[in-house]
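Below is one structure, written out as C-alpha cells; comments come after it.
The values are calculated or read from the model by the stated rules, or taken from the named source; none is laboratory data. Note that the structure is predicted; figures quoted are calculated from it, not measured. Methodologically, a virtual Cβ is constructed for each residue, glycine included, from the backbone with ideal geometry; neighbour enumeration extends over all protein chains shown.
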Amino acid sequence: MLYPEYDHEYISEQMSLRDPQAESLTILDRIMGITRLSKDTSPEALLREITSLYPICKDFERAFPSITFALATGVGKTKLMGAFVTYLYTCHGIRNFFVLAPNLTIYNKLIDDFDKPDNPKYVFGGLDCFSQKKPRVITGDTYREQLPGQMGLEESVNINIFNIGKINAEMRKDNLPLIKRLSEYIGQSYFDYLAGCEDLVILMDESHHYRADRGMAVINELRPLLGLELTATPQVEKGTKTIKFKNVVYEYSLAKAIVDGYVKEPAAATRKDFSPGNYNMVELDRLKLKDAIRLHRATKVELEVYAVNESAKRVLPFVLVVCRDTDHANEIKEYITSADFFDGYYADKTIEVHSNQRGQEKDENVTRLVGLERDDNTVEIVIHVNMLKEGWDVTNLYTIVPLRAASSQTLIEQTIGRGLRLPFGKRTGNAIIDRVTVVAHERFDKLIEEANNESSIIRAENIITIEEDDDSEKDKESVTAKTHYQIHIDEMEKKIHHAQNDESKEAIIQEIAVTRAVNKAIVEIMNPPQQYPTKTALVTQSEIVPATPPASITTAGLAKEDVKTRIFKQAKQNLVAEGHLTLVDTEKELEQRIANVFQPLIEQRIRSTIDIPDIALIPKVERTYGFNDFDLQFTSIYTSYRVPSATLHIETLKDNKVSVLNDDTGEVLTDTLEDMLLMELLNIGDKIAYNDQYDSLWHKLIRQALAELHKNMTDGEVINANQGFNVGK
C-alpha cells in the first residue's frame, strides 16, 4: 500500500464525503476485497462474487466487469469519482484512469473539476497524497501531444478524459476514431497505448447516455480491469419500454436525497383558483413569466437577507425559461426585453441560449452562462430551447418556467433536476431559499398527481429492485403478415436454392419475373393515377360521390374479359420495359409464359380481396358567414364568472406542504377596458371579421358586456377577469 494511513474511511473523512458518497466508497472497498483484479480475472466468477454481496447486480452488461452507482442529481457524483480515483491509487496502486463524458458540456466540466486546483469544485482539494504532485490530466484534445517520455511514469496518476460523443461522431464519419490512429509521437495509437495498460480503470459519468453507442464497442476493446458507472437515471428508454440497469450495486434515489436534505425541495406553483381554459397560449406564457418574476424577486430578497445575517456568500438567483423551439424563444425574448414586461427592467438581464446561435452571439451568451454563479453576475433570466442538459451544474437556479411543456413526468425528471443543487452546501431552514419552484399553471394538478404517484422519482425509494428475470419477452418476435402473392414469390425464391442445375434456376427466375410483371399490371389497372375533373356538378350537401375516376375497377371487375385483355397487355409492356423479352426466343413464347400465371393470379386476387371504396364529400356551394344585429343575453358566463386570483399557490412535491405569495406587482394597464375587450375579439382571428360592417356592432356588444360586469366587479376586477377571459368561448 502506497499510503498506509489511507483507507476508504480516511478518504471519506478527508474529502468530507456525504453519507451516500461514503457508502459508495465502502461498497467499492468490499468489492476490491473479494478479488485480485487483473486482465485475466474471469468476469463470470467476479459477477458471482458481487451478486452474492449485492443481489440487485445481475449482469455487468459490458465486455468487462462494470458496476453502477446510481446517485440522485445534486448529491455529488463528480466528487465521488475523485474519491474512487484516490482510493484505487492509494490503496491498490492503480495509476491509469479513463474518464468518459457523454457530451461536450460534461467533458469540459470534468476537465475543470479534475485539473484545476483553483476551481472551488476541484475534486482532490485537501488530499495529502496529491498536495505535492497532482494527477496528470490528458484530454481528448491533448492526448496526441504526449511525448514518449511522459507516458507511463511510475510516480504519476494519469487521468484520461474523453468525450464519447466525439468518438461516436468520428466513427460515423471515418469509421475509425482518432484515438485508434497512429500517433507520430508515441509510435502507436493512443488507444493501443491505453489497451496495453495493465491497471486501466474506466469511470463513466451519466452512463445512461451511452450504453449502446458505437463508441462503447471501441471502449470494450480496451479491456479495462474495471468499469465504474455513475448516473442519476439507472434505466434507458427503448421505444415504449423502460430497460433498467442490471449492474447496479448501490442506489440513492432523489426521494431519499429530498428527505435527507441534500438537495432543494422541489415545488410547483400556480394561481389560486386558476382556470387554464380562460387563456390562449400567448396569454398563458406571459402570465407564467410575470408570476415567475414575482417568485424570483421574493427569493432574491430572502437570499440577500440570509447572506447578511449569516455572513454567507452572496447568491444571486435566476429564472430558467424553457421554450418549445427557437422561434418561440425569440418571441419570448422579445416580450421579456420590451417595456411591456416590468417596464423593460430585464432587457439587459436576459440571455437566450440555443444550438442555432453562432459566432460572437454564441460566445458572449456562453460566457455569461458560465458566470451565472459569480457574485457580480447580472443575468436574471435564461431562455433556453428544450432543456439545459446534465452537467450544467449551477446552485442558484430557483425558478423554472416550462412554456408549452410536454408531459408531467418529463417536467419532474428533466426540468426539476436542473435546479436541485444547494448554494450553501446544505439546507438553511428558510423554506423559500431551500426550494426550487416550477411555475406550472396549466399542469399544476397533473404535476402534483404525478409527484404523488408512488412510482414517481419524487417518492420512489428505488428504481432498481431485486426481482426474478422477466423471460416473457425472450421468445417473442415481430411477425409481418404477408399476402398470398408474397408467400407465392417467397416459395419460388426458395426453389432457386434447391434447383438441380443452372437451367432449372433460370426457368424459376423467369417465372418469378413474369409473376411480378402480371401482379404489377393488376395493381396498375385497379389503381390508375388519380385524375379528378376540374369541375363538379352540383349535388345535394349530403350526397356522397365516388372519389376515384371512372377508369378504376373493383376486384370483381377483374373477371371481365376486356379487363383481362388490358392486364395481359400491361404485363407484357412491363416485361419488355424491364428487358425480359430477351429471356425467351419469341414474343409468342413470352405471351405463353404470361398466360401460365395470369389466370391463377387473377382468381387468387378476387378470392382474397375486399374492396373498400374511397369517398369524398363535395359541398354544393361556397358558404359565407355574417352576423345580424343582436343584443347580448347575459347568463352565468358573466354573472358568475370567477375573477382569477393573483395569489400564487405553492406546493412541495414530496410532502405537499402549501404556502402562498400574495400579489405585489401593482401593475398598471394603459389600455381602456373597451379596447382590451376589442383586442380579445381581434385575437380570435378568422373566426370573426372586423370591418366597417361590424364596427358598430362590436363596440355596442362590448359596452353591454362592460355594463353587466360592472354590476358585480370593480375596474380592477374587470381587468383581472379580462386577462383570463377569452371572449371567443
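At-a-glance table
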| read-out | value |
| --- | --- |
| Test: residue in the range 415-425 that is part of a helix (DSSP H, G or I), at pLDDT below 75 and polar (S, T, N, Q) | yes |
| Some residue of the range 388-403 being in a loop (DSSP other than H, G, I, E, B), among the hydroxyl-bearing types (S, T, Y) and at pLDDT 70 or above | yes |
| Yes/no for C91 being part of a helix (DSSP H, G or I), surrounded by 18 or more Cβ atoms within 10 Å (Cβ to Cβ) and touching a His at 6+ places or on another chain (Cβ under 9 Å) | yes |
| Some residue of the range 89-104 being closer than 23 Å to G33 by Cβ, touching a Phe, Trp or Tyr at 6+ places or on another chain (Cβ under 8 Å) and among the small types (G, A, S) | no |
| Positions within the range 243-257 being within 17 Å of I31 (Cα to Cα) and crowded, with 19+ Cβ neighbours inside 10 Å, in sequence order | N247, V248, V249, Y250, E251 |
| Residue under evaluation A347, criteria (1) over 17 Å from D434 (Cα atoms); (2) in contact (Cβ under 8 Å) with a residue 12 or more places away in the chain; (3) part of a loop (DSSP other than H, G, I, E, B), criterion not met | (2) |
| Evaluation of V201 against (1) under 23 Å from Y89 (Cβ atoms); (2) free of Cβ contacts under 8 Å to residues at least 12 places away in the same chain; (3) among the β-branched types (V, I, T) (one fails), failing number | (2) |
| The listed residue being buried (at least 23 other Cβ atoms within 10 Å of the Cβ), modelled with pLDDT under 95 and either of a type in the set (G, A, S) or outside the structural domain of P135 (by TED's automatic domain parsing) (or both), out of A63, A70, A83, A45 | A70 |
| Residues of the range 300-314 that turn out to be farther than 20 Å from T378 by Cβ and of a type in the set (D, E), as a count | 1 |
| When residues of the range 205-254 are limited to those that are charged (D, E, K, R), assigned to a loop (DSSP other than H, G, I, E, B) and more than 18 Å from K166 (Cβ to Cβ), the one nearest to the chain's Cα centre (by Cα) | K246 |
| Residue ranges of helices (runs of 4 or more DSSP H) in the range 1-80 with at least 3 members over 28 Å from the mean Cα position of the chain (by Cα) and more than 25 Å from I243 (Cβ to Cβ) | 8-14, 19-33 |
| Subset of the range 103-118 (residues that are in contact with a Gly (Cβ under 6 Å, 6 or more places away or on another chain) and of a type outside the set (D, E, K, R)) | N103, T105, I106 |
| Residues that are closer than 16 Å to L661 by Cβ, of a type outside the set (D, E) and surrounded by 19 or more Cβ atoms within 10 Å (Cβ to Cβ), drawn from the range 278-297 | L287, K288, L289, A292, I293, R294, L295, H296 |
